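Below is one structure, written out as structure tokens, with a few remarks after it.
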Amino acid sequence: MTKAEIVNEVAKATGIEKNSVMAVVEATMETVKESIVKGEPVYLRGFGSFIVKHRAEKAARNITKKTTITIPAHNIPAFKPAKVFVEAVKGENK
């Protein structure tokens with residue numbers, strides 16, 4: 001599902017015009033992104049959490065050149081779905 005499809009579905013469900021829904025969706029996504037960049041998790045009850053995960057420094061191998069490189073420690077954004085969300089998805093796939 002694309003962002004445009006989400007906007008269409010929300011507009012249909014709420015009766016709000018698409019331009020207003022698009023503005024809200026964009027603002028929501030921007031707010032989540034800004035919070036994650038600051039290192040602040042975003043919790044959406046019943047949906048999940050957007051969090052920052054820390055990856056430690058590690059050694060990796062380049063098999064073709066037979067060399068070892070060091071990948072520095074870094075942070076990555078991650079999503080952890082809520083338990084109810086996971087259970088709903090598991091129930092759908094049975």
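The values are calculated or read from the model by the stated rules, or taken from the named source; none is laboratory data. Nothing here was measured: the structure is a model prediction, and the numbers come from that model. Heads up, the Cβs are rebuilt from the backbone with ideal geometry, glycines too, and the neighbour counts pull from every protein chain shown. All accessible areas refer to the heavy atoms of the entire protein, side chains included, with ligands and DNA or RNA removed. Shrake-Rupley method; radii C 1.70, N 1.55, O 1.52, S 1.80 Å.
Measure nothing but the geometry: give the 0 to 90° angle between the long axis through the Cα atoms of 3-14 and the longest principal axis through the Cα atoms of the chain, rounded to 10°. The angle comes out near 30 degrees. Axis of helix 18-37 versus longest Cα principal axis of the chain: the two differ by about 30°, to the nearest ten degrees.
With all protein chains kept in place, the per residue accessible area of the chain amounts to 83 square angstrom at a probe of 1.4 angstrom. Here V42 and K90 are evaluated by their C-beta separation; at R0 = 25 Å the FRET efficiency comes out at 0.60. Loop-located GluC sites (Glu not before Pro) in segment 13-69 (DSSP state other than H, G, I, E, B) with a sparse environment of at most 10 neighbouring Cβ atoms within 10 Å: E17, E57.
Among the protein heavy atoms of the chain, carbon and sulfur supply 58% of the accessible surface, probe 1.4 Å, non-protein parts ignored. Against the chain, whose longest principal axis comes from its Cα atoms, helix 83-92 is set at around 80 degrees. When segment 44-94 is described by a simple charge dipole with +1 on each Lys and Arg Cβ and -1 on each Asp and Glu Cβ, the residue from A82, I71, L44 located farthest towards its positive end is I71.
Excluding same-chain neighbours fewer than eight residues apart, the lysines reachable from K66 by a Cα-Cα span under 18 Å are K58. Listed by chain and number, the lysines whose alpha-carbon sits under 21 Å from that of K3, ignoring those within fewer than 8 places in the same chain, are K12, K18, K33, K80.
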